[in-house]
1. Using θ = phi - 60° and the Karplus curve 6.51 cos²θ - 1.76 cosθ + 1.60, what whole-Hz ³J(HN,Hα) does each residue of segment 330-338 get, with Gly and Pro shown as x?
2. Find how many whole Å separate the alpha carbon centroid of segment 349-368 from the alpha carbon centroid of segment 276-339.
3. How big is the dipole moment of segment 234-486 about its Cα centre under a simple scheme where the beta carbon of each Lys and Arg is +1, that of each Asp and Glu is -1, and everything else is neutral? Debye, nearest 20, please.
4. For segment 149-166 and segment 63-130, write down the distance between their C-alpha centroids in whole Å.
5. Please turn the phi angles of segment 363-370 into ³J(HN,Hα) values with the Karplus equation 6.51 cos²θ - 1.76 cosθ + 1.60 (θ = phi - 60°), one per residue in order, whole Hz, x for glycine and proline.
6. Can you put Met166, Met303 in order of Cβ neighbours within 10 angstrom, beginning with the fewest?
7. Give me the net charge for the shell around Leu88: Cβ to Cβ below 15 angstrom, other residues only, Lys and Arg +1, Asp and Glu -1.
8. Using the Cβ atoms and a cut-off under 11 Å, what net charge is assigned to the surroundings of Tyr192, where Lys and Arg are +1 and Asp and Glu are -1?
Amino acid sequence: MQVLFGAFVGKIINYLSLLLVTPVLGPEGFGQLLVVGIILAIFTVVIDVGFENYYIVRVKLNGPDQSSPEEIALIENIVFKIRLYSNLVLFTLQVGISYLGKGHLFDAPIDIYLRILSLNYLIAIFGKINEVRLKKRLMFGVITNAKVSGDIVGAIAKVGLVYAGMGLVGWATGLIVANFISTIFLTLSGHYKPKLVAIPDKWKKEVFWFAKHSWFNGLGGYLYNQVSSIIIKSFFPLHQVGLVYFSYSNSIEIQSGILSSQMNVLLPYYANFQHDPKRVRAGINKYIEGALLVMGFPIIIGMVFSYEILTIAFGDQWIEAAPIFSLYCIYALVRIIFSPALSILTALRKMKESTIITYFSFAVVSLSLLAVSYFLNEIFWYAFVFVFASLLVEGLKALWGLSFLKIQLLEILQDCKKTLTILAIVLLSAVAIKFSGFVVSVVTLVAVVVVLGLLFLAATWKYNKVALTVITDKLPMLKQKFRIKR
């Protein structure tokens, strides 16, 4: 709940700030953000080599094989030293690319954006080591407080600087401010005292072996996640790229950020209880029920009333994005069913199977998008193929993972049938209202959303009250834990 709370609040804050600057950035600005995302994702693959994860796996804080204080300090100093040097290299590389790539890979102001964000590598040197120390000690409340504080200050800075006329550069500056504030909180709470030490030979092989395998899997993930951005930039004009990225930012990205935060919980859960399929199935059911309760209704509203919402909230310049936005909402809704099973292979140490499905997914998605971009060259069909291919490969990965636990997807759907039925009723009601032509203004749209929301809550309370306890029963516990951590 602490991890989910931080992710949810952070996404809401970032979404509101993005909502406020949308009229200023326009489609061109969102197209530039997508180009920046492609470049920064490359550096994310390079930086995410598992050094901090190695610390979590290697250090033992309790039990018969508990690590000594001297050993813990040595591992912390090794991780800090490697992070220090690797981030200095990444900082230099990104600054260099910002100068060398201008006019070839991108145009202004993307070069300035990259130089500003390169400061994140310097800030993260102290932030990462303190964050991983807190994670190891299960102090997620402190991490969440730091993250939310940074998000709030950063959002204010981003919106203010964009409206001050700095545009994309102002957005980048706000991101730096957010990271800086978060790092200050983490450093003050983590209490790590840096010390540069020589890495003993006995540690070198083990540390870098772990980093190598983490990097290889990360590369596959990068190819799968970023290939669509690379292809769309190559085949479509920046205006249409901006429409797609706008739709993605306001639908899939928000949902993915919230769901992916739960991987910190699901990974150890599957690993600990893989011998008890009934318990795992019950856990998956709670996860899906909770996700559908939180995100199902707003996703349906966005899916059905995309034209009305986009034109009322952002203006006629975004009306072209409406069908793409609806498609991405469909993807976000269906993915809730698959998402909890996507981490099973990793949790069960099926690294070979996980690597195979990752690169298979990359091949299917990339070839499908290349084909539709080359032969049809229509932005809507590009989005359609992206949604279809992504759901296909993620569904296969989920089924493969569930098979190792001897759980059937139909069993999961059966467990969630009440909530799925309620959402289906809301969806049909929304479609009926949509085609009746009733929604013609802000007032009628708000009225429809309120009525459908009350219908959703009333039906859930009447026919699936148990599902509500997934959230409500945990709220007092969440409040208590945050108070204890402070």
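1. Going residue by residue, I get 4, 4, 4, 5, 5, 5, 4, 5, 7 Hz, with x marking Gly and Pro.
2. Using only Cα atoms to place each centre, the spacing works out to 25 Å.
3. Here the size comes out at about 1400 debye.
4. That distance is 23 Å.
5. Going residue by residue, I get 5, 5, 5, 5, 5, 5, 5, 4 Hz, with x marking Gly and Pro.
6. Details: Met166 17, Met303 21.
With the sparsest Cβ surroundings first, the list reads Met166, Met303.
7. Its environment carries a net charge of +3.
8. The answer is +2.
Here, each number is a calculation from the coordinates, and none is a lab measurement. Because the structure is predicted, anything quoted here is derived from the model rather than measured. Because the Cβ atoms are built from the backbone with ideal geometry, glycine has one as well, and the counts that use them run over all protein chains shown.
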